[in-house]
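The values are calculated or read from the model by the stated rules, or taken from the named source; none is laboratory data. On a predicted model such as this, the values are computed, not experimentally measured, just so you know. Cβ: placed from backbone, ideal geometry, glycine included. Neighbour counts: every protein chain shown. The protein model used for the area step is the full one, side chains on, heavy atoms only, and it has no ligands, DNA or RNA in it. Shrake-Rupley method; radii C 1.70, N 1.55, O 1.52, S 1.80 Å.
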Amino acid sequence: MGKRWWRQRKKDYYYRLAKKEKYYSRAAYKLIQLNKKFKLIRRGNVVLDLGAAPGGWSQVAIKLVGSKGKVVAVDIKKMKPLKYENFSFIQGDFTDPKIQKKIKEITEGGVDVIISDASPSLSGIKDLDHIRSIELCKSVINIAKNVLKRGGNLVVKVFQGPEFKNLLDELKNEFKYVKASKPPSSEKSSAEIYVVAKYFVGP
Ligand SMILES: C[S@@+](CC[C@H](N)C(=O)[O-])C[C@H]1O[C@@H](n2cnc3c(N)ncnc32)[C@H](O)[C@@H]1O
């Protein structure tokens, strides 16, 4: 990121709020706002955070689930572990079947909510970033089919483009309620949008 990007970032309201409230990322407010609107995470839930680093969403999730819940975070990058007994971190690529096996083992008993803010490394080429983002979403859906409890919820980030409607249709086959939403803290200039899917019908 260039100097201009950093200058703008420092002026950004949510960036400064995240510093003040000790969140590891400004992205934390996206989950706070989505959860307020859609009531995705409840106390005692088991939450799986796919593409979790640096950890803002996991921080929000661990507060929401409380001491009786659990948060499992996965990222290719290293993440500063949260100091909670009910938090675990798997370092790895969640599209890799070996990592998916680990996820299944650690979430034995099932997951109530999957949250994914995963983003491919951006090329700046809109169509390419869109297709890579759709591939990540498909992987998230496959993991959901393996670990999500019946009635469970999911929220996933997508970079919009021509495949977006197909993705929504795929989710509509698996969940009773599907809605796309852009929280106020998501930058208007970004093609990102979040798809909220509630009440998993499978497995
Ligand atoms: C925008 S960041 C997530 C920010 C996070 N929600 C927060 O609040 O701090 C996207 C993350 O997705 C991760 N990611 C992308 N593809 C991944 C994959 N296949 N497996 C694991 N992590 C992945 C990246 O390494 C990156 O850390």
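Put +1 on the Cβ of each Lys and Arg and -1 on the Cβ of each Asp and Glu in the chain; which of Val178, Ile106, Ile62 then has its Cα farthest toward the positive end of the dipole?
Value computed over the given set: Ile62.
Which residue fluctuates most in the GNM of the chain (Cα springs below 10 Å): Val113, Val71, Val60?
In the Gaussian network model the winner is Val60.
Rounded, prolate or oblate: which fits segment 1-107 when a ≥ b ≥ c are the square roots of the eigenvalues of the alpha-carbon gyration tensor, with rounded for a/c under 1.5 and prolate only if a/b beats b/c?
Because a/c hits 1.5 or more and a/b fails to exceed b/c, segment 1-107 counts as oblate.
Skipping prolines and chain starts, which residues have an amide H placed within reach, meaning under 5 Å, of the one on Ile76, given they are 5 or more residues away or on another chain?
The list, which skips near neighbours in sequence, is Gly92.
Report the full-extension gain for the segment Ser88 to Lys37: residue separation times 0.36 nm, less the Cα-Cα distance, to one decimal in nm.
The span from Ser88 to Lys37 would gain 15.7 nm if fully extended.
Report, to the nearest whole %, how much of the accessible area of the chain belongs to carbon and sulfur atoms, 1.4 Å probe, protein only.
Carbon with sulfur: 52 percent of the solvent-accessible area.
Over the chain, what is the mean sequence separation of C-alpha contacts under 8 Å (at least six apart), divided by residue count, expressed as relative contact order in percent?
After rounding, I find 18 percent.
From the square roots a ≥ b ≥ c of the eigenvalues of the alpha-carbon gyration tensor of segment 25-200, which class results: rounded (a/c under 1.5), prolate (a/b over b/c), or oblate? Intermediate results must be reported in sequence, preceding the final value.
On the way: a/c = 1.33, a/b = 1.30, b/c = 1.03.
It comes out rounded by the Cα gyration axes.
At 0.36 nm per residue, and after removing the present C-alpha to C-alpha distance, how many nm does the segment from Ser119 to Tyr199 gain when stretched out fully?
Between Ser119 and Tyr199, full extension yields 26.4 nm more.
Restricting the count to DSSP beta bridges whose residues both fall in the chain, what percent are antiparallel, rounded to a multiple of 5?
Taking every DSSP beta bridge within the chain, about 40 percent pair in antiparallel fashion.
Would you please give the FRET efficiency between Glu135 and Lys3, computed as 1/(1 + (r/R0)^6) with r the Cβ-Cβ distance and R0 = 35 Å, to the nearest 0.05? All intermediate terms of the calculation are to be shown ahead of the outcome.
Working: r = 32 Å, r/R0 = 0.93.
My answer for the efficiency is 0.60.
To the nearest 20 Debye, how big is the dipole of the chain about its Cα centre, given +1 on the beta carbon of each Lys and Arg and -1 on that of each Asp and Glu?
Roughly 1060 debye, rounded to the nearest 20.
Filter the trypsin sites (Lys or Arg not before Pro) in segment 1-62 to those in DSSP coil with at most 16 other Cβ atoms within 10 Å of their Cβ, and list the result.
Qualifying residues, ordered by number: Lys22, Lys39, Arg42, Arg43.
Could you give the accessible area per residue of segment 25-200, probe 1.4 Å, as a whole number in Å²?
Here the per-residue accessible area is 49 Å².
Note down the nm distance, to one decimal, between modelled labels 7 Å out along Cα→Cβ at Lys165 and at Glu21.
With each label point 7 Å from Cα toward Cβ, the separation is 3.7 nm.
Nothing charged except the Cβ atoms of Lys and Arg (+1) and of Asp and Glu (-1): what's the magnitude of the dipole of segment 1-91 about its Cα centre? Round to the nearest 20 debye. Could the numbers behind the result be given before it?
Numbers: 24 positive and 5 negative charges, 122 e Å.
Using only the charged Cβ atoms, the result is roughly 580 debye.
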